[in-house]
Structure formats: C-alpha cells, structure tokens
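Presented below is the structure to which this report refers.
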Amino acid sequence: MKPFFITTAIDYTNAPPHIGHAYEKILADVLARFQRLRGREVFFLTGVDQHGQKVQQSAEREGIAPQEFADRVSESFLSLWKTLGISYDAWAATTDPLHKADVQSILTDLKERDWLYKATYSGHYSVRQEQFLTDKERGPDGEFGPEWGEVVLLDEENWYFRLSKCSEWLLGFLDSHPGFVTPDFRQTELRNAASKITGDLCISRPKIRLAWGIELPFDPGFVTYVWFDALINYISFAGHGGSEQAAFERRWPCDHHVIGKDILIPAHGVYWPCMLHAMGFSDEQMPHLLVHGFWSLRGEKVSKSTGNVVDPTALVASYGTTALRYYLMRDAVMGRDADFSEERLLLRHNTELGNSLGNLVNRTLSMTRRYREGSPKQASLSEDLLAHRVADLESMRSFIVQMEAAQIHAAIETMIDLVNRANALVDTSAPWKLAKDPEQAARLDAVLTTLILSARAAATLVLPIVPEAAAEILRQIGLEALPLIGEIGVGELPEGYCCGEPTPVFPRLELQGAGEGGAGAAA
Ligand code: MSP
C-alpha cells in the first residue's frame, strides 16, 4: 500500500514560531499518528522556508549572514516541535543542497521545454520595501501611501513561468476534481480565483536586489522567487529527482498538504498545481490540499508587529504539551477560524481530560484494585453491558471515519461521548454497592472489565491527540492500545491480567496568564 504522505507549510525563518505555526504542525502530527495506529506506513514532512527577502532583511538588521540568521530561527522551530512531540519523518530546510539541486534541475527542464522566458517588466517600485507595486497597493486616493517610501518607475528584466498557458487546464482540473481542496467552500473560492488568472508568474529576482535565494542555473544574475523554491520542498524532500526517486514514486501523490487559508490562493491552489502540471505530473498525481483556519487573539489577527501574540513556548512551559495539543485540536472546527483563550484551554483540560477521562481511569483502576486486587474474573455479560460494548465499538468506528476525513474536533467529541458513557455506567452500576453483595460478584467482575475496556478504548482514540498522556493511561491500565486495523473490536482482558496503580494523569491546571501578549495583557 502507498505510504500515507502528509506535509505542512514550511515556516518562514524570519521570526520565532507562534500559535498558528504550532496549531498546523500539531494538526498534521495528529493525522500522521492516527494513520500509524491504523497500521499505515507514514511519511510526514515538515520544515522551514529559509530563503527570501524577509530573512535577508532581518539578518541585515542584526548584521549577521542570512544563513546564520535562518539557522538560528530554524533552531527555535526544531526545539518547539520536539517539545510538542511532532513526529515528523523528514525535515525540509530549503538551504539544503539536495533541495537546491532539485529546484535547479526542475528550472533547467522547464526552460528547455519553453515553460520559462525572460522579459522586461516596467512598473512602480517601492525603494523602501524593495518590491514592485500593483494597483492593489494604492490607497483610496489612488496614490501609494507613505508606508512605501519613495516610489519610482523601474524597468527590470526577469524570468517568467508561463502560468497563463495552464489556466484552461487548471479550471478543467478543478471542475473534474471537486475533492482537490478540503473544505469544499475553499475549493469554490479557488475556482473563482482561478477563473481570473491573467499573465505569467515572475519566478526570479535580480541578485542586486535580493541575493538570498537559489541561483537560476542558466542565468547567475538571478535567484529563484521564494515561493517557486519553497513549493518544490514537497517533492524534493520526498526523494524527487535524487537517489531516492523510487521512494518518491511510492510516496507521491501527497495525501494532505496541510496549509493555512492565507496561502491557498494563489500559491498552493494555482502556482503549485500548475508547476506540477508543467513538470509533467498527471491529473491523478495532483496532491490534496487540507486548508485550516486562522487563530486570532481577542478577535484580532495575531501579529508580532502589533504585539498581539500567543507564544506556544510560554504556554507549554506553564501548562504542558498535553493541555495545549488537546485545546488546539478540540476548539478549532476544521477549516474555520478560532479565537485563542487561555481560560478555554484550562476549561477543556480540566473538565474533559481531568474530570471526564482522568476520573474514569482513576475510578476504574481504584475500584478494580480495591474490590478485585487488580484482576477481575471472567464473567458473562448482561444485556446492558453487552449494549455498552457495542456502543463503544460504534464510537470507535465513528472516530475512525471522522479522523479519515480530518474532522479532528468531531472525532474528539466522539471520544468524549465514549468516556461520558463509561462514567455514566459507573454511576448506574454502582460497583461500591455490588461489592457489598456476594450474590453480585459476577456482575461486579463484568462491570469492572467493561469499564477497563472502555478506558482502554478511550486511551487508544486519544493517543494521536495527546500521545504522552494516553501512553501513561495505558501504562496504568496495563494494556497496549487497541489496534485500529482491519476488523476492529473492543478486545478482552488477557489471561492473568492485573491493572496498575492509578495516579492522576491530568492534574488540575490554574490560570497563569502565560503566553499572551498585546492590548490588555501584561507585557
Ligand atoms: N513560508 C510560507 C509557506 C511556504 S509552504 C511551501 C509561509 N510561512 S508562514 O510562516 O508565514 O506560515 C506558515 C503556516 O502557518 C501557513 O500555513 C500559515 O497559514 C500558518 N499560519 C500563520 N498564521 C496563522 C494563524 N494565526 N493561525 C493558523 N495558522 C496560521 O506562509
């Protein structure tokens, strides 16, 4: 079977990671871990976008070389991904020589097949911002505002990719492949944008203006436009064009490019499929785009320049990885925007993980130890317990369907339903009463066994979302995760089973005011 191949956007290395970066990587990690539980081979690629003007400018401000600057910021991403348990298989850093070689060979091939040409562009150019301006940058008065500084008319030679030659193909492809983008409404947006494509894509920058990039192999006075370079990471780091071409062919196409809504149009929805099409990839070899929404803070865009930031590193330091991973996956409906709130992070952790899941594990194991020294006996199941197990099985099936559709928030709700049902069984079956009545001994064994199996099912389902905590629960229960492969079941207790000692897995968290900056927050 083809490996499950998942990527994230590669993050700009001009500033340290923020909550949006963390959210995206956790999202991809959850889907990757889920597929591993399903028994699939997984290839999970993430990384950093190290070239471009932003990095060059930030490095200049600090008076250091761009590579040194990019390496330093890349370290802060690597260190956060380690803390957050991001289980990637390959790291894409675009200054890697293998990537550069692939970009250059793709450019050479495209030029040889007349997909690239050189032309002169004349237009308004902002000297301060070092970029050409279009009418979109004009203010309501029709003028370019003061933020652009001196604006001059400039003629500049550059290399262009024949994007316009692909526009008809792209429209046909989108119409015949309605599942190219998830969610659907994003595909509709993309279809509208694609119908307005005019002109070609400038894929070079003259070195005199921007030196920090991959040199064009056929014209050394130019470097490659950063998006043309960055998008190729999805294939170059999967083995394309190098000694791992066979592995690449097994992996490709990508099951999900996980990206934020801001980089769907035009980069991933227009440039990328057109680039692949020009390279010779067939319609069936196009990847799938999974587009997530944006996190805001107090309804405002998170932005370093306004100080409206949420720092994932500070949040982890205060509340731990489990609480942060759970909250981000739980509170954002896939594809929709969400507003960050530390109070909600605590609420989700303390109620759903602590009071519901943690409590279920704690009660179940304590009672099993107290009444049965950790080892309930085999007992036949009454109708209510049989129905309970069938309901658990149904929850597991729904969870799988929801996760396959990347509806993580819905899958978490399904897991919580399972937990709530098990807690309700504790209340209705009242094992503490059964324990006092010798006639009810078999019923007590059956109830405790059913609860242990429910707790294991819950820990299995939550494993991709909060892997450390779930592994600890399974350790306390004394069972492995249920395999989510093939014909699934709720399992049985093995011969000689004895549960472990319960200790709280989700200690109650108190508000610390961590990680948030901006208006109204402590500096
Ligand atoms: N370097 C490009 C991507 C190249 S992919 C070939 C880039 N980098 S970025 O650092 O600006 O953004 C990285 C990812 O983080 C993008 O998918 C972006 O949508 C996502 N997010 C940035 N801010 C975000 C939020 N506030 N909320 C959620 N995700 C956000 O774009």
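The values are calculated or read from the model by the stated rules, or taken from the named source; none is laboratory data. Since this is a predicted model, take the numbers as computed values, not measurements. Every residue, glycine among them, receives a Cβ derived from its backbone with ideal geometry; neighbour counts consider all protein chains shown.
Below are the figures for this structure:
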quantity	calculated
Residue within the stretch 237-257 that is of a type in the set (Gly, Ala, Ser) and within 16 Å of the ligand (Cβ to nearest atom) present	yes
Single residue of Gln67, Gln53 found to be surrounded by fewer than 20 Cβ atoms within 10 Å (Cβ to Cβ), of a type in the set (S, T, N, Q), touching a residue at least 12 places away in the same chain (Cβ under 8 Å) and within 15 Å of the ligand (Cβ to nearest atom)	Gln53
Wholly enclosed helices (runs of 4 or more DSSP H) of the stretch 52-130 bearing at least 1 residues of a type in the set (Phe, Trp, Tyr)	66-83
Failed item in (1) closer than 30 Å to Asp114 by Cα; (2) out of contact with any Lys or Arg (no Cβ under 9 Å at 6 or more places or on another chain), with Ala278 passing the rest	(2)
Residue match in the stretch 32-46 (condition: in contact with a strand residue (DSSP E or B) (Cβ under 8 Å, 6 or more places away or on another chain) and within 13 Å of the ligand (Cβ to nearest atom))	yes
Residue within the stretch 5-17 that is of a type in the set (Asp, Glu), in contact with a Gly (Cβ under 9 Å, 6 or more places away or on another chain) and in a helix (DSSP H, G or I) present	no
Looking only at the stretch 117-154, and only at residues there that are closer than 23 Å to Ile197 by Cα and exposed (fewer than 10 other Cβ atoms within 10 Å of the Cβ), the one that is farthest from the chain's Cα centre (by Cα)	Thr120
Residues being surrounded by fewer than 19 Cβ atoms within 10 Å (Cβ to Cβ) and under 24 Å from Ile19 (Cβ atoms) - total across the stretch 91-108	1
Restricting the stretch 81-116 to residues that are under 26 Å from the mean Cα position of the chain (by Cα) and of a type in the set (Phe, Trp, Tyr), the residue that is farthest from Leu45 (Cα to Cα)	Trp81
Subset of the stretch 262-283 that is near the ligand (Cβ under 10 Å from one of its atoms) and touching a residue at least 60 places away in the same chain (Cβ under 8 Å) - its residue that is surrounded by the fewest Cβ atoms within 10 Å (Cβ to Cβ)	Ile263
Residue within the stretch 22-29 that is more than 28 Å from Ala338 (Cα to Cα), at pLDDT 95 or above, within 16 Å of the ligand (Cβ to nearest atom) and in a helix (DSSP H, G or I) present	no
Qualifying residue in the stretch 356-374 (condition: outside any helix (DSSP H, G or I) and surrounded by fewer than 20 Cβ atoms within 10 Å (Cβ to Cβ))	yes
Output for the stretch 284-329, where each listed residue is buried (at least 17 other Cβ atoms within 10 Å of the Cβ), without any contact (Cβ under 8 Å) to a residue 60 or more places away in the chain and assigned to a strand (DSSP E or B)	Ser296
